[in-house]
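No value in this document is a laboratory result; all are computed from the given coordinates. Note that the structure is a prediction, hence the values are computed from the model and not measured. Positions of Cβ are generated from backbone atoms using ideal geometry, with glycine treated the same way; all protein chains shown enter the neighbour counts.
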Amino acid sequence: MAQVKGPLGALSILAALFCNVFASKNNHCPPLGPVLPAPTSPSSHPDVQVATATLGQVINATTGTFNATAVSISVKSVHETSPLFDFHHTPPQLDPRGASLIDASTLYRIGSVTKVFTVLTALKTSGIRMEDPITKYLPRLRELKQQKNGPTDHITAVDWDDVTLHALASHMGGIGSDLVTDLASFPVDFTKLGLPPARDVLGCVGFQGIEACNETDFWDNFGKRNPVYAPYNRPLYSNTAFFLLSLVVESVSGMPFDDVIQSLIFDPAGMASTSFAKPDDKLGAISVGNLDWSTPMGIENPAGGLYSNTKDLLAFAESILTNKFLSPAQTRRWLKPVTFTSSLGTFVGAPWEIVRAENITSDERLVELYTKGGDDGAYHVMLVLVPDYDLVAVILTAGPESSSGFVQALASQVVAALVPAIDTAGQHAAAATYVGTYADAATNSTLTLALDGEGPGLAITHWSVRGTDVPAHWLNYMSALAQALPPIQVSARLYPAGLEGAGGRSAWRVGVDLGTPEDIARGNAGLVWAQGSCLAWALMDRVVYEFGPLDEIIFALERSESYGDVTAVSVELVGFQTTLRRVEV
C-alpha cells in the first residue's frame with residue numbers, strides 16, 4: 001500500500017472516476033475475465049483431486065435414490081485429454097428399449113442446447129451476415145401479414161424488415177415462441193375455462209403423439225400470430241426464431257440444414273454420435289414408457305431436436321473454447337451478452353444464457369458461466385462453458401425424478417465444487433511462473449509480485465522505477481487535481497491482458513484501487529446502482545509516455561533450468577522504458 005495526496009471527503013468526488021466497490025474481496029475491482037492464466041494440468045493438483053472425489057460422493061448420494069432417472073455429468077479442462085470428472089448413474093428401472101448401462105456414450109435428447117449448434121452453423125455458413133434483416137434471405141416473410149383478417153399495424157403484424165438474424169439468434173426478434181395457434185392444440189379441455197370450441201386449431205406441436213409442425217404449416221399460419229414486442233425491445237424466448245435461421249442456412253448454402261450442420265460442426269469436432277435422426281434405441285437413455293425419445297420435432301428440430309452424449313458435447317464445447325470453429329476474435333464476440341433479463345445475474349447471448357457466480361473463488365470476484373439449458377419432456381440437460389478457467393461441463397438427465405430446476409442445481413453444485421479448486425491450482429501455477437522480484441541495478445528499478453490472498457491477480461508489493469515509488473504517485477499521474485489533495489491509500493495489482501506475442505511474451509496490465517475498503521464503500525454509498533464505482537474498464541491505459549502505457553507490463557517467458565517449467569525471466573515496463581530481470585523467486 002502507498003499513500004498519495006487527497007482528502008477522504010474528495011473520495012465522493014473521485015469515486016465516480018477511480019474507486020471500486022464490492023466487486024471483489026476487499027473491494028478490489030479487477031477487469032472482467034480471468035485474473036490469472038488458467039492452469040494447464042488441473043487434474044494433477046491435490047485440491048482438484050479432493051474436489052472431484054468429494055463431488056462424486058455428493059452427486060452419488062443425490063442420484064442414488066433415483067429409481068427411474070439416468071444422469072450423466074462430465075467436466076473437462078481444454079488443456080487435458082481426459083475429463084476431470086465423469087459421473088454416470090444407471091437407475092434400476094429403465095425402458096427395455098434403451099441402454100441398460102449409462103455411460104459417456106449413452107445418448108440423450110438435448111432439447112434447446114440444439115440452439116447453440118444452429119447459431120454456430122449460421123455463423124459459419126459463408127454468405128450469411130448476422131446483422132442483415134432476415135428478409136434479405138427470406139423475402140417471403142413480408143407476405144405473412146396478408147394472413148390477418150383486418151388491418152395490420154405494429155400490434156398485429158411482425159415488421160420482418162426490422163428483424164435481423166442476430167435478433168433471432170439472441171431472442172430479441174420479438175416474435176412468438178412456437179407455431180401452435182391455440183392452446184386447444186394440447187390435450188387439455190379448455191372448455192372448462194369457459195373457452196368456446198376452437199375454430200382454427202393447427203394441432204401440430206410435436207408433443208407426445210401430436211403431429212409435428214412442418215414448413216407448410218409455418219408459411220400457412222404464422223402470419224396469424226401477433227408480435228409480442230418490437231425487435232430489440234426486450235428478450236423473448238423463441239423456438240421459431242431458430243427454425244427461421246435454419247431456413248436462411250438452407251437458402252444460402254443450397255443444402256439441407258442437417259447436411260450443413262454435419263459438415264460444419266459435427267465432423268470437424270469429431271461428434272460421431274450426434275444427429276437429428278433418432279438413433280438406435282439401444283443407445284439411448286430412455287425412462288420407462290418415455291414417448292419423448294422418439295417424438296419427431298418437425299420444424300422445431302433446429303431449436304431442440306438433437307440427440308447427443310457427454311463425449312460428443314465435451315468435444316463440441318472444447319472446440320468452441322479452442323477456436324476450432326471460429327477465429328479467436330469471432331469466438332470472443334460470440335461469447336458476450338446481447339441483452340439483460342429481469343434477473344440481476346442473468347444475461348442473454350446468442351443464444352447463451354449467461355449467469356454470474358459470486359464468491360465461489362478465494363478472491364470473491366465475478367465469474368461468468370456461458371450456459372444453455374434444454375428441456376424436452378423427460379429430458380433436462382445443460383451445457384456450461386467457463387472461459388476464465390478453460391473449463392467445459394455437460395449435465396444430461398432423463399427420467400421423472402429430474403427437472404430443469406434440478407439440473408440447474410446440479411450445475412451450481414459442480415461449479416461451486418470444482419472452480420475454487422481449479423482457481424487454487426491456477427494460483428499455484430502462477431506463483432511458480434510469475435511471483436518474485438524483478439530488478440535492474442542500472443536504473444535502480446525493482447518490481448516485486450506476490451499472491452497475497454487479499455484479492456485477485458498478482459499483488460504488487462513493491463514497485464519503484466529509477467528510485468521513485470510508482471504506486472505512491474499513481475494518482476498524480478492520473479490527475480493534476482491530486483496535487484492538492486490529502487493522502488489516499490493506493491494498492492496496485494496485475495492482471496493478464498490475454499495478449500500473447502512471439503518469443504514467449506505475455507502482456508499484463510496494472511489495476512489500481514484507491515482508498516481503503518471502508519473508504520471505497522463510503523464513496524459508493526451515494527450511488528443507487530450496485531458496484532457502481534467499479535470502473536476498471538474505464539481506467540486502464542490512461543497514462544502514456546511516448547506512446548508506451550505506464551500500466552503495461554510484458555513478461556518474457558522461457559523454459560528455465562533454474563525455475564523448472566516455463567517461467568517468467570524478465571518484465572518489460574513499457575511506459576517506463578526499462579526491463580527488469582527476475583532475481584528472486
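Classify segment 204-302: rounded, prolate or oblate, from the alpha-carbon gyration tensor (a ≥ b ≥ c, eigenvalue square roots; a/c under 1.5 rounded; otherwise prolate if a/b is larger than b/c)? Oblate, because a/c is 1.5 or more while a/b does not exceed b/c. Summary of packing: across the peptides 266-278, 308-320, 108-120, the per-residue average of other C-beta atoms within 10 Å ranks them, highest first, as 108-120, 308-320, 266-278. Averaging the sequence gap over all C-alpha pairs within less than 8 Å and six or more residues apart, then dividing by the number of residues, gives the chain a relative contact order of 23 percent. Calculated mean residue ellipticity, 222 nm, the chain: -6500 deg cm²/dmol, from DSSP H runs (n ≥ 4) at -39500 (n - 2.57) each, averaged per residue and rounded to 500. A simple count of charges around SER112, restricted to other residues whose Cβ falls under 14 Å of its Cβ and scoring Lys, Arg +1 and Asp, Glu -1, yields -3. Look at the dipole of segment 346-471 built from charges on Cβ: of PRO351, GLY436, LEU410, the Cα furthest out on the positive end belongs to GLY436. The residues neighbouring GLY377, those whose beta-carbon lies less than 9 Å from its own, together hold a net charge of -2 under the Lys/Arg +1, Asp/Glu -1 convention. Assuming charge only on the beta carbon of Lys and Arg (+1) and of Asp and Glu (-1), the dipole of the chain about its Cα centre is about 760 debye to the nearest 20. In the chain, taking the dipole from charged Cβ atoms about the Cα centre, the farthest positive-side position among LEU101, VAL566, SER464 is held by SER464. Taking Lys and Arg as +1 and Asp and Glu as -1, the other residues whose beta-carbon sits under 12 Å from that of GLY345 total -2. At full extension, TRP219 and GLU143 could sit 26.4 nm farther apart than now, given 0.36 nm per residue minus the alpha carbon distance. Report note on the peptides 496-502, 445-451, 387-393: ranked by the mean count of other C-beta atoms within 10 Å, highest first, their order is 387-393, 445-451, 496-502. Considering only ALA530, THR52, PRO34, and ranking their Cα positions along the charge dipole of the chain that arises from unit charges at the beta-carbon of Lys, Arg, Asp and Glu, the one farthest toward the positive end is ALA530.
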